[in-house]
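Report on the structure given below.
The values are calculated or read from the model by the stated rules, or taken from the named source; none is laboratory data. Since the structure is predicted, the reported quantities are computational estimates derived from the model, not experimental observations. Here the Cβ is made from the backbone with ideal geometry for all residues, glycine too, and neighbour counts use every protein chain on show.
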Amino acid sequence: MDLVLPSSHVGVKINDWYKMIRQFSVPDAEILKVEVEQEIKKMEEDQDLLIYYSLMCFRHQLMLDYLEPEKKYRTSRPSIAELLEKIETPQKKLTGLLKYYSLFFRGMYEFDHKEYVEAINFYRKAEKELYAVKDEIEQAEFHFKVAEAYYNMKQTHVSMHHILKALEVYDQHPLYKVRKIQSLFVVVGNYLDFKHYEKGLQHLEEALKLAKELGHKRLITSALYNLGESHHYMDQTDIAEEYLKESITVGEEIKSQTLPHCFYSLAIVLFKQKKDEASIILQKGLELSKEYEDHLFVLLNEYLKALYVEGGNEKALTKILDKLKNIHMFSYIEELTLLTANYFKESKDYENATMYYDQMVEAQLQIQRGDCLYEY
């Protein structure tokens with residue numbers, strides 16, 4: 001007679017598996033996943049635990065897609081869509097911790113697909129179940145992800161509130177250095193939005209040092225990118241160019257999913273310096289965005305092409321801005337309309353310059369009204 005394992009035993013192992021996922025420890029997480037799969041076959045029937053297992057498979061796949069995007073399509077694993085269906089079919093019956101994980105992980109999925117408003121909607125629903133989360137690391141994880149989403153929507157004060165809560169916990173746990181570095185990136189991004197550029201630099205130096213200690217190339221390229229952006233905001237375009245090119249060099253070694261972003265930022269820096277290389281970098285960025293199916297950065301790079309290569313093609317510029325408005329990307333509209341206004345100002349086309357400055361102000365107003373986008 002086969003030994004029947006108590007569900008509590010398997011539940012503890014799933015918790016251990018989740019700890020490895022949160023630490024981005026792929027080998028340990030893979031080992032524990034296999035062990036859990038074997039033990040579930042011997043486990044007493046427990047529908048809640050099976051849902052918990054499905055949720056963790058979903059979270060495990062999100063980790064792999066983040067760390068190893070080049071291996072995204074694994075035939076031996078269920079797809080994200082299949083996992084979502086399995087999780088959400090019984091969702092109406094879920095309560096407490098299971099409901100929290102279901103909503104929280106779905107928010108992470110939407111964020112990864114750049115559906116930031118949808119992500120925040122799921123995070124807000126998850127927050128109502130946060131009372132069921134007793135683990136302080138998991139609470140920090142929630143605050144980190146929420147801060148990340150609000151940062152992308154330029155809700156700067158809300159983002160900073162959540163990220164400082166997360167950092168307070170990660171600072172006390174050396175095993176979570178990856179999350180600490182990522183949290184520092186969010187802090188720096190918010191400082192850039194606050195126009196406190198110098199404050200961000202010291203955090204970036206710390207993040208780069210920690211990333212190099214870990215030998216984590218993905219984080220190294222992100223730290224270099226953020227250093228480039230910081231110096232760009234400070235109008236130090238020569239220094240910005242150096243950091244962005246170094247970021248691309250490291251990013252290309254690991255085929256980083258952030259490369260379209262890096263090429264886009266570098267193209268802007270080069271166009272501002274009126275360097276011939278700018279058009280080459282822009283074209284590479286556009287090709288990479290299409291290869292990576294990064295639809296947002298396809299639009300952004302096409303905008304730069306219409307502005308700088310096609311001499312301010314107003315029909316194309318308007319079409320792209322309308323698409324960005326439809327997906328609430330007002331932070332990028334703010335950046336692009338300012339670039340466009342300055343472009344026309346340099347050409348002494350003051351009428352168009354004024355029009356795009358007005359659009360920039362309108363984008364800023366929409367950012368300030370950002371909370372109205374989210375459902376309660």
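Within the range 225-238, take every residue that is closer than 12 Å to residue 261 by Cβ and not hydroxyl-bearing (Ser, Thr, Tyr) and give me the one that is surrounded by the fewest Cβ atoms within 10 Å (Cβ to Cβ). Once the filter is applied, the top-ranked residue is 226. Selection within the range 205-235: residues that are of a type in the set (Lys, Arg) and in contact (Cβ under 8 Å) with a residue 12 or more places away in the chain. The member of this set that is farthest from residue 185 (Cα to Cα) is 217. Scanning the range 322-333 finds no residues that are at pLDDT below 95, more than 18 Å from the chain's Cα centre (by Cα), on the phi > 0 side of the Ramachandran plot and not polar (S, T, N, Q).
Take residue 150 and decide whether it is crowded, with 22+ Cβ neighbours inside 10 Å and under 21 Å from residue 23 (Cα atoms).
Spelling it out, it is not the case that residue 150 is crowded, with 22+ Cβ neighbours inside 10 Å and under 21 Å from residue 23 (Cα atoms).
Which condition does residue 108 not pass, out of (1) in contact with a Leu (Cβ under 8 Å, 6 or more places away or on another chain); (2) surrounded by 13 or more Cβ atoms within 10 Å (Cβ to Cβ); (3) over 27 Å from residue 173 (Cα atoms); (4) modelled with pLDDT of 75 or more, if it passes all the others? So residue 108 meets the others, but not (3). Within the range 270-286, residues that are within 20 Å of residue 239 (Cα to Cα) and of a type in the set (D, E, K, R) reach partners that are buried (at least 20 other Cβ atoms within 10 Å of the Cβ) and modelled with pLDDT of 95 or more with beta carbons closer than 6 Å, at six or more positions or on different chains, in the pairs 277/270. Counting residues in the range 231-241 that are closer than 30 Å to residue 19 by Cα and in a helix (DSSP H, G or I) gives zero.
Only one residue in 198, 241 is farther than 25 Å from residue 137 by Cβ, buried (at least 20 other Cβ atoms within 10 Å of the Cβ) and either touching a residue at least 60 places away in the same chain (Cβ under 8 Å) or among the acidic types (Asp, Glu) (or both). Which one?
None of the others qualify; the one that does is 241.
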